[in-house]
Every structure is written in structure tokens, then in C-alpha cells.
Amino acid sequence: MDLSRVIRRNILALAPYSCARDEFKGEASVYIDANESPYNNGVNRYPDPLQHEVKVLLAARKGVSEDQIFLGNGSDEAIDLVYRIFCEPRIDNVVAISPSYGMYQVCADVNDIDYRPVSLTDDFQLDLPAIASKVDEHTKVLWICSPNNPSGNAFELRELESLVKTYRDLIVVVDEAYIDFSDKGSMLTLLDQYDNLIVLQTFSKAWGQAAIRCGIAFANPEIIRYFNRVKYPYNINVLTQQAAIRALSHPEVHDRHVEEILGGREILRILLGSLPFVEHVYPSDANFLLVRVKLDGMDNGQSADYIYRYLQNKGIIVRNRTRVHLCQGCLRITVGTSDEIASLYETLKTI
């Protein structure tokens, strides 16, 4: 892929800001280059702008090279950078599946980019002809979330690969925030084969590090270099880097928690399915379940609103998705601890 054809002209010509730590690698005995405080309190120095130590551990874990990794302030930073690097405001457009993660459209709106949603089928599968109908000469990016939020299902790798192959002149972003909970496999296995592929992952879900706000983009090294040119100089603070290093240094905790959540997901599925007002529990490859409800005397939307408020009044917070495309009457319920699952179920039984 000729990236010069899809990257914005101003980004191609951009002279990136060079921070102090970009000009020096390794350790020194005296740091008097960056106008920092000399008094060591653990956070008086600027952090590594390219997060090398985190990337060494992450590359080993994911089977990629360090120069294929970008770390952002949440995946949202990487999403926003895709627009800023590839999409010309008021000219270009992006195509995305619907329903899906809402920040794709928010970032499109912020960057003044035409956002073209394509409905999934009624069972939340890809509609390839509908996607093709929305792509034109000004389409720069195709957004696919897999496992998808809020539906929970992952798409088959062969389908995703066919999109990357078909749209070789576009950037295809596959958001895998929930991939650790899926057995369908990751697009990272295809990263070396396709230079138009970006894969997003995160420390927020399976790694249990939502508060540190650290997202990950994997792509070919040339794309990663542009991410690093456009990002803010010290976008990942030192406390976040330290927390990510601790998490990656103890992968057994991650693996144990994923196993427990998968077990909890099955228990939650069975319990919810036993309730008389639950019409359908959708299959899930994520750490949550999408559930369609209907109470006697109410339609699906009214039922979802009622149950959402009922649980809220009992101190239990779920996500009401009834106003999202294809999700009328649906609640999205995260897999919690065994105690949280039991509390939810016992409360639902009182409705």
C-alpha cells in the first residue's frame, strides 16, 4: 500500500515536535536538558515518550515487534489519530458497522469527517454488500469492532481478512478491545501480511487496568511512525507505564481472571435465560451479555427502561441499550464477580 495516497498532505509534510528524551537514549548521571525539577519525588522527570519498556513486554506477549506498537491515552487516542492522520475534513469519509462503539462517530464528528454507518444483519452479522455500497473514492477508513460492542459477537477471521483484502486502498481498523474473551482468534496473526491493517487492543478489559487509560494500536512500522509523529510528546504518563509493566510482568493474573470471567459469563447466561421476562440472551465473545427483555403489558423498549431504573434504584447499574440501532428492548450486562452475579439475579427475580 502506498501510504502517501491515504495520508493527509499536511501530515506527510509535518515536522514533528522533538522532545528532550527523543534526542537521547539510555541512562545519564545528570539530567539538565528538559527544565524539570531536580528534586526526585518519583514523578519529577518526564516519562519515556515512546514507552520502550512497556513495548518490550507487550511485543513478547503478543508476538509482534516493538516498532509495530503504538500506545495511546486509551484506545480513544488511537481512534482520534486515525482521523487526524488519514482523513481530510469535509472531504473524506469513513464506513463503520452499526451498532458499534460510539467513539468512532464522536471522533468523526469532532474531526468533521463524514461518518457512514452500515447496519449489521438482524443477528448482528456483517452485511458485506451493504458495506461495499457505502465505499467510494473519498472513503479512507473502515471501522470494524470484533468482538463487537454492544452485540458481543466476534466475526470470523476469514470474513475480516476478506475485508482487508478487498479494501487494500483503505485503512481497515479492527478494534479487538474484548479479544481476550473470544476463541475466534486475533487479527494480529495477519498483521505482517497486510500493511493497511490496524488492530486496536487495550489494557482496560482483560488486563483489569481501566483506570490507567492505556490503549494499544498494532500496525505496520510506517503507520506507527506517523502515529508517533502526530501524538502529543509525552502522551503516556510514568504512572500508567509503571502500571502496564506490572500487569505485563504477571500474565498469570490476567489469564486467571479471563478464565473466571468466562465461567461467570456462562453462569450469568443460564441465570438470565431462566427469567420469564428475558426473551433472548445473545451469544457473546466478550465479557458482557446483550439481553432482550419484555414484561407483561409493556413493549420491549418500555421493559428495558423499567428494568434499568428498577435495578438502578436497588444500587445495581447495567447499560440500557434500547435506543441503539437493532437493540430495542436490550440491556447490556457486564460479567461481574460471583457475588455480583448472584446479587443481580436475586434482584431480577423480585421484579
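The values are calculated or read from the model by the stated rules, or taken from the named source; none is laboratory data. No experiment lies behind these values; they were computed from the predicted model shown. A quick note on method: Cβ atoms are made from the backbone with ideal geometry, for glycine too, and the neighbour counts reach across all protein chains shown.
Within the stretch 229-242, restricting attention to residues that are within 19 Å of the chain's Cα centre (by Cα) and in a helix (DSSP H, G or I), which residue is nearest to G208 (Cα to Cα)?
Restricting to residues being within 19 Å of the chain's Cα centre (by Cα) and in a helix (DSSP H, G or I), the top hit is T240.
Modelled with pLDDT of 95 or more, touching an Asp or Glu at 6+ places or on another chain (Cβ under 8 Å) and either buried (at least 18 other Cβ atoms within 10 Å of the Cβ) or among the aromatic types (F, W, Y) (or both), is that true of I224?
Here the answer is yes, as I224 does meet what is asked.
Just to be sure before I move on: is V230 over 23 Å from P147 (Cα atoms), out of contact with any helix residue (DSSP H, G or I) (no Cβ under 9 Å at 6 or more places or on another chain) and of a type outside the set (K, R) in the structure I sent?
Criteria not met by V230.
How do the strands (runs of 3 or more DSSP E) wholly within the stretch 129-223 filter down when requiring 2 or more residues that are touching a residue at least 60 places away in the same chain (Cβ under 8 Å): which remain?
171-175, 197-202, 214-218
Surrounded by 13 or more Cβ atoms within 10 Å (Cβ to Cβ) and either closer than 30 Å to C214 by Cβ or modelled with pLDDT under 95 (or both) - does that describe any residue in the stretch 304-317?
yes
Looking only at the stretch 304-322, which residues are touching a residue at least 12 places away in the same chain (Cβ under 8 Å) and not in a helix (DSSP H, G or I)?
Within the stretch 304-322, K314, I316, V318, R319, N320, R321, T322 qualify.
Any residue that is closer than 23 Å to L81 by Cβ, among the aliphatic types (A, V, I, L, M) and outside the structural domain of R292 (by TED's automatic domain parsing) - is there at least one of those in the stretch 151-159?
For the stretch 151-159, residues closer than 23 Å to L81 by Cβ, among the aliphatic types (A, V, I, L, M) and outside the structural domain of R292 (by TED's automatic domain parsing): absent.
Are any residues in the stretch 43-73 closer than 22 Å to A20 by Cα and free of Cβ contacts under 8 Å to residues at least 40 places away in the same chain, and if so, which ones?
Across the stretch 43-73, the qualifying residues are N44, H52, K55, V56, E66.
List the pairs whose first member sits in the stretch 81-108 and is within 30 Å of D123 (Cβ to Cβ), whose second member is charged (D, E, K, R), and whose Cβ atoms are under 6 Å apart, counting only residues at least 6 apart or on separate chains?
Matching pairs, first to second residue: N93/D114; N93/R116; V95/R116; V95/K134; M103/D76; C107/D80.
Among the residues of the stretch 147-161, write down those that are buried (at least 18 other Cβ atoms within 10 Å of the Cβ) and either over 21 Å from Q328 (Cα atoms) or out of contact with any strand residue (DSSP E or B) (no Cβ under 6 Å at 6 or more places or on another chain) (or both).
Of everything in the stretch 147-161, those that are buried (at least 18 other Cβ atoms within 10 Å of the Cβ) and either over 21 Å from Q328 (Cα atoms) or out of contact with any strand residue (DSSP E or B) (no Cβ under 6 Å at 6 or more places or on another chain) (or both) turn out to be P147, N148, N149, N153, A154, F155, L160, E161.
For the condition at positive phi and among the small types (G, A, S), what is the one hit in G297, G263, G273?
G297
Quick check: is even one residue across the stretch 42-52 in the same structural domain as N228 (by TED's automatic domain parsing) and farther than 21 Å from P233 by Cβ?
no
Against the definition (out of contact with any Cys (no Cβ under 6 Å at 6 or more places or on another chain) and in the same structural domain as P221 (by TED's automatic domain parsing)), how does I113 come out, yes or no?
no
Across the stretch 196-221, which residue is farthest from G74 (Cα to Cα) among those that are among the β-branched types (V, I, T) and buried (at least 22 other Cβ atoms within 10 Å of the Cβ)?
I198
Where the second residue is surrounded by fewer than 16 Cβ atoms within 10 Å (Cβ to Cβ) and not aromatic (F, W, Y) and the first is in a helix (DSSP H, G or I) and at pLDDT 95 or above and lies in the stretch 335-347, which pairs have Cβ atoms under 6 Å and are six or more apart or on separate chains?
Listed pairs, sorted by first residue: T347/K314.
Collect the residues in the stretch 35-55 that are at pLDDT below 95 and of a type in the set (F, W, Y), keeping them in residue-number order.
Correct list: Y46 only.
State all residues of the stretch 1-34 that are surrounded by 12 or more Cβ atoms within 10 Å (Cβ to Cβ), among the basic types (K, R) and modelled with pLDDT under 95; if no residue qualifies, say none.
R21
Does the stretch 246-303 hold any residues that are in a loop (DSSP other than H, G, I, E, B), of a type in the set (S, T, N, Q) and free of Cβ contacts under 8 Å to residues at least 12 places away in the same chain, and which are they?
S274
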